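The values are calculated or read from the model by the stated rules, or taken from the named source; none is laboratory data. Small disclaimer: the values here were computed from a predicted structure and weren't measured. No Cβ is skipped: glycine too gets one built from the backbone with ideal geometry, and neighbour counts run over all protein chains shown. With ligands, DNA and RNA removed, areas are computed over all heavy atoms of the protein, side chains included. Shrake-Rupley method; radii C 1.70, N 1.55, O 1.52, S 1.80 Å.
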Amino acid sequence: MGMLDIEAFTTTPLVREPFPYLIVPGFLKAEARIAVQNDYPEIAKPGSFPTTEVEYGPAFASLLEEMQGPELRAAFEAKFEIDLSARPTMVTVRGRAQAKDGRIHTDSKTKIITVLLYMNGQWEANGGRLRLLRTGDSLDDLLAEVPPDEGTLVAFLVTPHSWHGHGQFVGPRRVIQLNWVTGEDVVRHEQSRHRFSARMKKLLSFAS
């Protein structure tokens, strides 16, 4: 049995305007969550880290494999009506948020679909809740607000209008980000950029 509730994903309607997105609470099945949490990378610094730059256990490795597997890709192709067969994936993880995180933005043009899988307990804070937005002008112009509760999935097609952000929060905030991207060159560039950033953070931490 897989860790991911593909049926819940396929039966959740796709919101199409102003950009295609869907939200699936409980996408990571309840029976898998403790093992994944225990095997989640220990990340003491803010920022995104490639999975090649962090250490994790077997349950987390199995989750990554399933997230990048053919069954989920087929489900996304059907939901978003897009061919992803020749598109590579890229995965990064976060463990902590800092004050400057969450600024309103759209993702880069090299990303086709963004998938966020949250791995926190029940979220109590007002900040740190993802907001999908109608425009890039205000966090209050929201389409939906998503607390980053454990197992919740948010996915959207990257468009010039796929605005999103969240209110300020400082502290632990776990999220796995999966992207289908335009080509392998994007993966190499982004992994190199994130890898350099991750290593600089480690050096600065050691120096301090």
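Of 97, 76, 26, which is farthest towards the positive pole of the chain's charge dipole, taken about the Cα centre with +1 and -1 on the beta-carbons of Lys, Arg and Asp, Glu respectively?
About the Cα centre, the residue reaching furthest to the positive side is 97.
Where in region 1-63 are there trypsin sites (Lys or Arg not before Pro) that are in a DSSP coil and have at most 11 other Cβ atoms within 10 angstrom of their Cβ?
Details: sites: 16, 29, 33; in loops: 16, 29.
Passing sites in region 1-63 are 16.
Give the residue from 112, 142, 167 lying farthest towards the positive end of the charge dipole for region 108-178; charges sit on Cβ (+1 for Lys and Arg, -1 for Asp and Glu) and the dipole is referred to the Cα centre.
112
Given H placed 1.01 Å from N in the peptide plane, which residues other than close sequence neighbours of residue 130 have an amide H under 5 Å from its amide H?
Amide H to amide H, under 5 Å and 5 or more residues apart or across chains, residue 130 pairs with 146.
Kindly provide the GluC sites (Glu not before Pro) of region 46-122 that DSSP labels as loop, not H, G, I, E or B, and whose Cβ sees at most 16 other Cβ atoms within 10 Å. If you can, show how the numbers build up before the last one.
Details: sites: 53, 55, 65, 66, 71, 77, 81; in loops: 55, 81.
Those satisfying the criteria are 55, 81.
Residue 45: accessible area at probe 1.4 Å, nearest 10 Å²?
80
Stretch residue 83-residue 8 to full length: gain in nm at 0.36 nm per residue minus the Cα-Cα span?
On the way: separation 75, 0.36 × 75 = 27.00 nm, distance 2.11 nm.
Going from the current span to full extension adds 24.9 nm.
Taking springs between alpha-carbon atoms closer than 10 angstrom, which of 15, 154, 175 fluctuates most in the Gaussian network model of the chain?
It is 15.
Under a point-charge model restricted to the Cβ atoms of Lys and Arg (+1) and Asp and Glu (-1), what is the dipole moment magnitude of the chain relative to its Cα centre, in debye to the nearest 20?
Details: 24 positive and 26 negative charges, 178 e Å.
For the chain, the charge dipole is close to 860 debye.
Could you give the dipole magnitude of region 1-112 about its Cα centre, charging the beta-carbon of Lys and Arg +1 and that of Asp and Glu -1, in debye to the nearest 20?
For region 1-112, the charge dipole is close to 540 debye.
Just to be sure I follow the rule: in the chain, considering lysines 8 or more places apart or on different chains, how many pairs have Cα atoms under 21 Å apart?
Working: 29/79; 45/100; 45/201; 45/202; 79/109; 79/111; 100/201; 100/202.
Lysine pairs meeting both conditions in the chain amount to 8.
Roughly speaking, to the nearest percent, how much of the chain's 1.4 Å accessible area is carbon and sulfur? Could the numbers behind the result be given before it?
Values: 5360 of 10510 Å².
Summing carbon and sulfur atoms, their accessible area is 51 percent of the total for the chain.
Would you calculate, for the chain, the mean residue ellipticity at 222 nm contributed by helices, counting each DSSP H stretch of 4 or more residues as -39,500 (n - 2.57) and dividing by all residues, to the nearest 500? Show your work: numbers first, answer last.
Working: 5 runs with 61 residues, N = 208.
The per-residue figure over the chain is -9000 deg cm²/dmol.
With a cut-off of 8 Å between alpha carbons and a minimum separation of six or more residues, what is the relative contact order of the chain in percent?
Numbers: 406 pairs, mean separation 57.0, N = 208.
Relative contact order here is 27 percent.
At 1.4 Å probe radius, can you tell me the per residue accessible area of the chain in Å²?
Numbers: 10510 Å² over 208 residues.
Using a 1.4 Å probe on heavy atoms only, each residue of the chain averages 51 Å².
Given the options 36, 11, 126, identify the residue whose Cα lies farthest towards the positive end of the charge dipole of the chain (+1 on Cβ of Lys, Arg; -1 on Cβ of Asp, Glu).
126
Which shape class, rounded, prolate or oblate, goes with region 37-181 when its Cα gyration tensor gives a ≥ b ≥ c as root eigenvalues, a/c under 1.5 marks rounded, and past that a/b bigger than b/c marks prolate? Numbers along the way, then the final one.
On the way: a/c = 1.76, a/b = 1.06, b/c = 1.66.
Oblate, because a/c is 1.5 or more while a/b does not exceed b/c.
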